[in-house]
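The values are calculated or read from the model by the stated rules, or taken from the named source; none is laboratory data. Since this is a predicted model, take the numbers as computed values, not measurements. Glycine also receives a Cβ, built like all others from the backbone with ideal geometry; neighbour counts cover every protein chain displayed. We work out accessible area using only protein heavy atoms, side chains counted, and drop any ligands, DNA or RNA first. Shrake-Rupley method; radii C 1.70, N 1.55, O 1.52, S 1.80 Å.
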Amino acid sequence: MFSTLSHIFFKKQTFSFLGLIFCLSFMINKEHLCSSNHPFLTPLTVNSSLANMKFDGRLSFTNVEHAANDFGNRHHLMPSAVLNPKSISDISSIVKYVFDLGLDSELTVAARGHGHSLEGQAQAYKGVVIKMESLRVPEMSFQTGKRPYVDVSAGELWINILHESVKKGLAPKSWTDYLHLTVGGTLSNAGISGQAFRHGPQINNVYRLQVVTGRGEVATCSEEQNSDLFHAVLGGLGQFGIITQARIALEPAPKMVKWIRALYADFSTFAEDQERIISSANSFDYVEGFVIINRTGLLNNWRSSFNPKDPVQANEFTSEGKILFCLEVAKYYNPEESDNHINQEIDTLLSELNYIKSTLFLSEVSYIDFLDRVHVSEIKLREKGLWDVPHPWLNLLVPKRSIHDFAHKVFGNILKDTSNGPVLIYPVNKSKWKHRTSLITPDEDVFYLVAFLSSAMPSSTGKDGLEHILTQNKKILSYCGGPHLGIKQYLPHYTTREEWKAHFGDQWEVFCRRKSSYDPLAILAPGQRIFQRKKAFALQ
């Protein structure tokens, strides 16, 4: 049935017409937006037939407040119900139920992973939130051999996949910096980290998906089967279907990591070295970087986990009043390899770089500890009560042609210090990425991920307060608005249809056409605020 529907939807003669009608039919529902100080909203009385439905899991109408929170801790949209699914049919049944209500209902459905959205994207005001971590089918299943992979539930955490796969000497190729996220959640966005220059983002390393569309239909898709749906869902912000299973590509897993940091005082030199690394066939396995403004005692902070190459010179280095750029790289290896060989290889690679020689710091950790490094910081922040605070993060994708002007205008001017959280900056090479997914990136092969990962202190009215950080973000975005810069948001959040159209550019019609095909009543992912449920265009 699904292939028949796909054939009908994908006739070329209907593409432009459906896309145009669908785009005109949708509007942003600003009533669904919620400010940081908005109280929890009163749930909608749910149709009694929904309450009478039978599930393998559990549908709850009480104690649903947790589904109105997320890591951003700024938007709170109360759902009417929360589904804890135990089977794919649970998800399919509830989406089909809502679809069958037609345009007479405004009920929506949002899939929630580990709750790390920033702007309420996984929330559903007066709707149904599906808690994907409850879905544990199928059990993790590995295929070894020449083309190894693992089949997992979309509610599985990446950290669990890491622990299980390394037992078999394997691991996924691409990661996010933080691993306590669900598979479905990162694949709905992209999943970018320091390995992306070599392997692409996580959406580039998926062989197959199982998806529940906005019609409640269960579809298997890949490059060869239901290809349009496959590419639509990857980076699709949850707009076209709920990912329920994924087949993730694996590679041989190293056991150890040489982890290296070094500082630069000049941005051009820093960027040139980063770009040299990502363009080299034989280089480091991971490259990121971050900006440091008005941070004192920086090198002393590193000494708890890194060793200076030259302790005497490191002690003499001062960072007072400087804007510095830290290069962070890693080389993977196995203990059975000659230690002299790996050290010589690293020395050769480092000799090509132009960092401040006195600031070279090194560490040696296990592969698992390296990949799960952010979790150590999470534990420390939780102990201090500083984890569950507002996180007004801003993530940007800046093309190579604009990065130098961006650095000049933002670092040290708009951004006066980096004490509220790290500012990541590193380039990726898009030439190895899939090009038919829904992810929107700059139109250059090389672009930079720039992430302002601020934490706001509750009740503060100073520089570490929410309002100050939001004002700072607005200034950065105002600068980025120049169309000649070609800057795109990653994990985008907009409040008007015009902004979303500008974000997608010439891909907007494709995005709308896919929405009309796979979720014609705009049931899914209302928290993204792209389409409004009651204005949906129903295909006949």
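Annotations
- Of all the listed residues (Lys475, Lys515, Lys488), the sole one being at pLDDT 95 or above and in contact with a Ser or Thr (Cβ under 7 Å, 6 or more places away or on another chain) is Lys488.
- The residues listed here are Ala190, Ala171; of these, the one that is part of a strand (DSSP E or B), open to solvent by less than 30 Å² (accessible area, probe 1.4 Å), in contact with a Leu (Cβ under 8 Å, 6 or more places away or on another chain) and in contact (Cβ under 8 Å) with a residue 24 or more places away in the chain is Ala171.
- Pairing residues of region 216-232 that are closer than 20 Å to Cys512 by Cβ and outside any helix (DSSP H, G or I) with residues that are among the β-branched types (Val, Ile, Thr) and open to solvent by 10 Å² or more (accessible area, probe 1.4 Å), at Cβ distances under 8 Å and at least 6 apart in sequence or on separate chains, gives Asn226/Thr220.
- Residues satisfying the stated conditions in region 382-427, i.e. free of Cβ contacts under 8 Å to residues at least 60 places away in the same chain, farther than 20 Å from Leu327 by Cα and in contact with a Leu (Cβ under 8 Å, 6 or more places away or on another chain): Trp387
- Filtered by the rule that a residue be open to solvent by less than 30 Å² (accessible area, probe 1.4 Å), of a type in the set (S, T, N, Q) and part of a helix (DSSP H, G or I), region 454-511 gives Gln472, Asn473.
- Strands (runs of 3 or more DSSP E) fully within region 72-152 counting 2 or more residues that are surrounded by 19 or more Cβ atoms within 10 Å (Cβ to Cβ): 81-84, 109-112, 128-131
- Top-ranked residue of region 51-61 - restricted to ones that are over 17 Å from Ala110 (Cα atoms) and part of a loop (DSSP other than H, G, I, E, B), ranked as most open to solvent (accessible area, probe 1.4 Å): Lys54
- Check on Asp464, in contact with a Phe, Trp or Tyr (Cβ under 8 Å, 6 or more places away or on another chain) and of a type in the set (D, E, K, R): no
- Test result for Arg261, assigned to a strand (DSSP E or B), of a type in the set (D, E, K, R) and open to solvent by 30 Å² or more (accessible area, probe 1.4 Å): yes
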